[in-house]
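Down below is the structure, laid out as structure tokens.
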Amino acid sequence: MLSTSFLSDLSEDDNGDLIPLDLTGDDSEIYQDDLPDELPILPLKNAVLFPGVVIPITVGRQKSIRLVKKAYRTNKIIGVIAQKNPLAEDPKEKEIYRTGTVAKILKMLVLPDGNTTIIIQGKKRMNIEQIVQENPYLTARVKLLEEDFESGEESLRTAIIHSLKDAAKKILKLNPDIPKEAQVALESIDSFSFLTHFLCSNINTDVKDKQKLLDINDGTKRAELLLKYMLKDIQVLELKHEIQNKVNTDIDQQQRDYYLRQQMKVLQEELGQGSPEQELDDLRERGTKKNWPVEIAQHFHKEMDKILRMNPMAAEYPVAMNYAELLVELPWNEMSEDNFDLKRAKKILDQEHFGLEKVKDRIIEYLAVRKLKNDLKGPILCLFGPPGVGKTSLGKSIAKALNREYVRMSLGGVHDEAEIRGHRKTYIGAMPGKVIQNINKSKFSNPVFVLDEIDKIATNFRGDPSSALLEVLDPEQNNGFKDNFLEVEYDLSKVLFIATANSLDTIQPALRDRMEIIEINGYTMEEKIEIAKKHLFPKQLEEHGLKSSDLSIDKKSLSKVIDDYTRESGVRNLERKLGSLVRDAAKSIAMEEEYVKKVDSEQVRRILGAEIFDKELYQNNKMAGVVTGLAWTSVGGEILFIESSLSRGKGKLTLSGQLGDVMKESAITALSYLRSNAEELGINYKAFDLYDLHVHVPAGAVPKDGPSAGITMLTSLASIFTQRKVKNKLAMTGEITLRGKVLPVGGIKEKILAARRAGINEIILCKKNRRDIDEIDERYIKGLIFHFVDTVDEVLEIALLPQKVQNAMKFEFPEK
């Protein structure tokens, strides 16, 4: 496009009207002989001077001022050259182009600010041959360059002239910043060379491109390149014009939409329907009535101001509205009042849950401290135990005892971090995390919040939800929990969090450290009978539409159901079996048939079928090498049989029963101990080399591992090698070392309950496990005999009978 430097070629007359300057200026021709040997050189920062063109130049550099003043006093001839780097204040030889223009100073004006303005006219192109000096200003020896505008066909020159003028007129039409007088000046130019130089000087392009035009000797080629630049500028101007028209059209559309919305608002008011503005006013009014922190109130009103400026038809409008509604609906400082009646709380807990004394005592302690201090943060409790022992339902009872709202969040299988922290508002379908959602649902800031199955959180490429829970469950951090959607901090410190887990191994260590672990063990037979009588059986009667007078069950029948049909730590399967008994009676009542109103053992067998668990499987065999051990599983304790047998061979050891690495190592350790102490145990050392040993743990399809079977393995091997059978109704658990030491193991209560269910009377434990026995209620261990040992020798002395069994295997050893 043509630049506004058209004004460079215009001046004002006395009346203030713009008139063209004498574009030809002084028409006198300059020849090589007219030039001095050393021509002063004036560098220009952002301009290129072409022959015949008159331009004004403001001179500000001291070197340039000295140059023009001296030249104006003498022959007024100078060399004008363009700088390669416009930022150079004192350009050297390498920082200027070689091709320039010899110019004549037509006029010089000294301004009050010290700058000097000169009007110069380009005369002829030149080439710098040598820089003579750089101080006090640049001087050089130059050579004039000839150029040819007359070569070629006349028709071609005429066509180029018309094309240049047409392109210039189009630029003038598209660019409103150029005055109309410029077109008059353009029309008055007839010379091919001057037209080309005039447009070259005023084309809006880089100095680098203008210098390319000046470097060309052939005038026709120079004009063709100039035309190319002008056509390119026309395309840019047309595109700019198109964009401006489109923007104007969009603005007109917005004004139209505004007008239509105003009409719609009037129609909605006539029909009694709420408008978006009315919704915003209602929301803001609700916000003014909200009892929330000052910074939250400021944030809310700021968001409302943003929504007010939004178009209701915009995609982000509903997200912003949902966000504002969430801010208003959240219970910022709204808390339910705790009931500090400790006796009432204890009564509720005892009524709804039998046993679980540790948990009940912890809740009563929490209430007692709150009653005395009234500012305690909510504890983070983790109820850990096998399935079906009442961990989740305990949360409801705690909420009832505290007089708080109850919310539950299932974490099983959660693998997206956004489920905890929420999504950012920039995403489509963004929503807050489930923590904030459940708090909002409870309508209070201090509910009892149950995080169910916290040990079953999954982790994948979407993030690590367990790490996101670190802030939620940290008493020192959760007073400023920040949800991605909410964006502002929310206080979770008053929430009573209760997590449940079946296993602690899968919980992240950092997360486990933030929680107070309360272990809930399996129930004994007596506890299960009481739970069934007080809770499970009445519940099943109610769910099936029966009354207590329609059906009853005695302790003996309950004991049969528990012992023969359910082998579990909890009571979930027991409840299902009781439901089967109740449904049988419900069917008879509905069909108006006769039925037995009191369930006895015969009715249990008729309804539930044959016994699932055979007691014979849980009694010791009369053969040597068979020992009963105790094991812990995620669903409670179990008894474990270990069988050993010998056969003629070369001392090979075989282990079977899908054993883990730890159990295999226990078997190898036990065998090594027997080898090293064979003489003390009365074992012929030749037996280890002449007989193959096979150790098997039944239920081969079930994986087994752990150190608890160490002394059991040793007792089994000692029994088979000495051919002394193991004492009847005896079980044991403990880890061994090569030195014959017995080490303590975990899960003692669950193992003892399993032993009771199996009818075992005596149990061998490490002495250090005595502390675990002391913590168990005496009712649960009544009738059991415990042997606490330190060494393997004590185990064998207790476990192995002194006499050999009949028909014992006779070891045969060849003579040397």
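The values are calculated or read from the model by the stated rules, or taken from the named source; none is laboratory data. Model, not experiment: these values are computed from the prediction. Reconstructed Cβ throughout: ideal geometry from the backbone, glycine too, with neighbour counts over all protein chains shown.
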Answer yes or no: is there a residue in the range 690-706 that is surrounded by fewer than 16 Cβ atoms within 10 Å (Cβ to Cβ) and of a type in the set (Val, Ile, Thr).
yes
Restricting attention to the range 647-671, report how many residues are of a type in the set (Ser, Thr, Tyr) and more than 52 Å from the chain's Cα centre (by Cα).
1
Considering the range 199-253, residues that are in contact with a strand residue (DSSP E or B) (Cβ under 9 Å, 6 or more places away or on another chain), farther than 18 Å from Ala47 by Cβ and of a type in the set (S, T, N, Q), and then whichever is surrounded by the fewest Cβ atoms within 10 Å (Cβ to Cβ), we arrive at Asn217
Positions within the range 505-518 being of a type outside the set (S, T, N, Q) and under 24 Å from the mean Cα position of the chain (by Cα), in sequence order:
Asp505, Ile507, Pro509, Ala510, Leu511, Arg512, Asp513, Arg514, Met515
Out of everything in the range 403-439 that is farther than 23 Å from Ser467 by Cα and modelled with pLDDT of 85 or more, what residue ends up being farthest from the chain's Cα centre (by Cα)?
Asn403
Matching residues, the range 716-744, being without any contact (Cβ under 8 Å) to a residue 60 or more places away in the chain and closer than 26 Å to Leu504 by Cα
Val742, Leu743, Pro744
Within the range 94-112, is there a residue that is assigned to a helix (DSSP H, G or I) and either surrounded by fewer than 14 Cβ atoms within 10 Å (Cβ to Cβ) or without any contact (Cβ under 8 Å) to a residue 60 or more places away in the chain (or both)?
yes
Scope the range 368-420; condition of a type in the set (Lys, Arg), surrounded by fewer than 21 Cβ atoms within 10 Å (Cβ to Cβ) and assigned to a helix (DSSP H, G or I); matching residues
Arg370, Lys371, Lys373, Lys396, Lys400
Residue within the range 142-157 that is of a type in the set (A, V, I, L, M), assigned by TED's automatic domain parsing to the domain that holds Asn217 and in a helix (DSSP H, G or I) present:
yes
Candidate set from the range 493-522 (those that are in a strand (DSSP E or B) and not aliphatic (A, V, I, L, M)); member that is nearest to Glu471 (Cα to Cα):
Phe497
From Asn502, Asn484, Asn521, residue being within 37 Å of the chain's Cα centre (by Cα) and closer than 30 Å to Arg424 by Cβ:
Asn484
Under 6 Å by Cβ, and 6 or more places apart or on different chains, what pairs join a residue from the range 544-559 that is modelled with pLDDT of 85 or more with one that is of a type in the set (Lys, Arg) and part of a strand (DSSP E or B)?
Ser552/Lys598
